[in-house]
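Inspection log for the structure reproduced underneath, given as structure tokens.
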Amino acid sequence: MSRYPISIWWVRSDLRLEDNPALSAATSESDVVIPVFVFNSKLERPKSKLRSNFLNGALNDLDARLREIRSKLLIKQGDTAEELAKIIDGESYIPVFANAGYSKHSKIVESQVAKHTQLRLFSGQVSIDPSEISKKNSEPFKVYSAFRRKWENVYQQKIFNTDYRRLGFKAGVESSYDLHSGANSLARSSTRENAIRTLRTFTEKNGGINRYIELRDRVDHHTTSGMSETISLGLIGPNELFQVANSLGQSSVENRNCRSVNSWRNQLIWREFFKHSLNHFPESANQSLNPNLTNIEWINHKEDIEAWYEGETGYPIVDAAMRQLSDEGWIHNRLRMIVASFLVKDLLVDWRIGANWFHDKLVDYDSALNSGNWQWVAGTGFDASPFFRVFNPVLQGRKFDPKGNYVRRWVPEIKKLPSRFIHSPWELPHPPKNYPYPIIDHGWARKRVLSVYADAKSS
């Protein structure tokens, strides 16, 4: 088999040298591989400074790892297709290897790149390519349980080796973006080494995995893997995660541990489901998929939306979560469901408004997971929560933050309240004057949304 004298590894959400199908193929078929990352000037930069810092830290880390093996990360700014074409400079024998994206925009950029280069795409964001999982009639799955069964039948552990000797650079071509300019508050956390350390901490003998099945929804405990940011940028690959999960499952002796591992593994498969769904239905990023719920009469009251943004709704668990989101760029998945349900179901605000806010705030933002989760809560997706499921913010707070420790941290105005009233301060004989009264009555709002959804289904 003839080799390419030189090729390009187009770096995207796969900032790793390990478990990287595109890079593995490039190094096995090429004498020299040039790593290139492009900040697309036609895209709006993340409004979240935290996410920008985290990305810069991850790029810095990848560049440092490449320099250890006498390569470097080439960073460009501009139109992706044009910048890659400039590097190739008319040399048609130079192919571009990349891991496929699944959003509508990713596909558009890929088609533009393919017009100027010899583009080869691989599946580095998921463990199984979307083309390999379908129903007997070749249609994609719309129900998670059926998808999971097929996924488990198809899944095979894969290892993608990289020949580091092939990684290099192209003489005379330099970066147009300075990775090392300015302080990066998240540089230490956005590294491959930290990602591995975090995973090991979670999965070790006394780590969070051991009580995951019991405590994964508790917002006052640290029992999640804590890796969502690193996974979103691809510092760790999907095959690596499933390899760890499978290893843990085989070594688990205690029934509880086995159930915990399966529960965590199930969350990883949900991630695959949302990726596959976005690939097959790119319109799901901004269109309701349930044909019976496309005519919901959203109210979108400006003052209600602002109160939700600011964490001033009068519901402590909602407000605590929204304040943490703005401050840290992350909240627990249980909290994401609570605040999403409150916005969509209690306030009757279009789920896309909430999804856009998460896009602007989340460090671990992922278009497939974001739209998938929002449509799940709103009941507008294929395999979604029933439209009549409306999270009660008081009961959710009492169940998943029973002593109010989480609320006390993020809503200091009420931190001295007794636990009995921490999730419903308005029930006190003398409610605190420095904390807002609920902007809406949940019981009344629940009746309203059920009526609105019923009308939408019948229209």
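Which numbered condition trips up Tyr102, out of (1) aromatic (Phe, Trp, Tyr); (2) at pLDDT below 90; (3) over 15 Å from Ala26 (Cβ atoms)?
Every condition holds for Tyr102 apart from (2).
Quick check on Asn53: is it modelled with pLDDT under 95, in the same structural domain as Pro35 (by TED's automatic domain parsing) and buried (at least 17 other Cβ atoms within 10 Å of the Cβ)?
Against the criterion (modelled with pLDDT under 95, in the same structural domain as Pro35 (by TED's automatic domain parsing) and buried (at least 17 other Cβ atoms within 10 Å of the Cβ)), Asn53 qualifies.
Within segment 47-57, take every residue that is under 16 Å from the mean Cα position of the chain (by Cα) and of a type in the set (Gly, Ala, Ser) and give me the one that is farthest from Trp10 (Cα to Cα).
If we take residues in segment 47-57 being under 16 Å from the mean Cα position of the chain (by Cα) and of a type in the set (Gly, Ala, Ser), then Ser48 is farthest from Trp10 (Cα to Cα).
From the set of residues in segment 400-429 that are over 19 Å from Ile338 (Cβ atoms) and in contact (Cβ under 8 Å) with a residue 12 or more places away in the chain, which is surrounded by the most Cβ atoms within 10 Å (Cβ to Cβ)?
Step by step, filter segment 400-429, then rank; the result is Leu417.
In segment 339-389, which residues are more than 18 Å from Tyr309 (Cβ to Cβ) and of a type in the set (Lys, Arg)?
Within segment 339-389, Arg389 is the sole residue that qualifies.
Considering only residues that are surrounded by 14 or more Cβ atoms within 10 Å (Cβ to Cβ), in a helix (DSSP H, G or I), in contact (Cβ under 8 Å) with a residue 24 or more places away in the chain and of a type outside the set (Ser, Thr, Tyr), which ones fall in segment 113-170?
The answer is Val113, His116, Pro130, Phe147, Arg148, Trp151, Arg166.
If Ala454 satisfies all but one of (1) hydrophobic (A, V, I, L, M, F, W, C); (2) closer than 23 Å to His332 by Cα; (3) modelled with pLDDT under 95, what's the number of the condition it fails?
(2)
Every residue in segment 336-363 that is in a helix (DSSP H, G or I) and aliphatic (A, V, I, L, M), please.
The answer is Met337, Ile338, Val339, Ala340, Leu343, Val344, Ile353, Ala355.
For segment 430-456: of the residues being closer than 23 Å to Val407 by Cα and of a type in the set (Phe, Trp, Tyr), which is surrounded by the fewest Cβ atoms within 10 Å (Cβ to Cβ)?
Restricting to residues being closer than 23 Å to Val407 by Cα and of a type in the set (Phe, Trp, Tyr), the top hit is Tyr437.
Which of the numbered conditions does Arg336 fail, given that it passes all the others? Conditions: (1) in contact with a Leu (Cβ under 8 Å, 6 or more places away or on another chain); (2) modelled with pLDDT of 95 or more.
(1)
Within segment 359-389, can you find the residues that are aromatic (Phe, Trp, Tyr) and crowded, with 24+ Cβ neighbours inside 10 Å?
Trp374 - this is the single residue of segment 359-389 that is aromatic (Phe, Trp, Tyr) and crowded, with 24+ Cβ neighbours inside 10 Å.
Looking at Val449, Val363, Val407, which is the one that is farther than 15 Å from Asp319 by Cβ and within 27 Å of the chain's Cα centre (by Cα)?
Answer to the selection: Val363.
When only residues in segment 364-406 that are assigned to a helix (DSSP H, G or I) and β-branched (Val, Ile, Thr) count, which is nearest to Ala285 (Cα to Cα)?
Filtering first and then ranking leaves Val377.
Whether any residue in segment 213-231 is of a type in the set (Lys, Arg), outside the structural domain of Ser41 (by TED's automatic domain parsing) and modelled with pLDDT under 85 is what I want to check.
no
Taking only segment 295-307 into account, find how many residues are buried (at least 17 other Cβ atoms within 10 Å of the Cβ) and over 18 Å from Pro425 (Cα atoms).
3
What's the number of the condition Gly168 fails, among (1) at pLDDT below 90; (2) more than 26 Å from the chain's Cα centre (by Cα)?
Result: Gly168 passes all but (1).
Output the number of the condition that Ser13 fails; it satisfies all remaining conditions of (1) closer than 18 Å to Leu121 by Cβ; (2) crowded, with 21+ Cβ neighbours inside 10 Å.
(2)
Among the residues in segment 281-294, are any under 23 Å from the mean Cα position of the chain (by Cα) and surrounded by 22 or more Cβ atoms within 10 Å (Cβ to Cβ)?
Yes; the residues of segment 281-294 include at least one that is under 23 Å from the mean Cα position of the chain (by Cα) and surrounded by 22 or more Cβ atoms within 10 Å (Cβ to Cβ).
Looking only at residues in segment 281-308 that are at pLDDT 95 or above and assigned to a helix (DSSP H, G or I), which one is farthest from Phe147 (Cα to Cα)?
Among residues in segment 281-308 that are at pLDDT 95 or above and assigned to a helix (DSSP H, G or I), the one farthest from Phe147 (Cα to Cα) is Glu303.
The values are calculated or read from the model by the stated rules, or taken from the named source; none is laboratory data. Nothing here was measured: the structure is a model prediction, and the numbers come from that model. With ideal geometry, Cβ positions are generated from the backbone for all residues, glycine too; neighbour counts draw on all protein chains shown.
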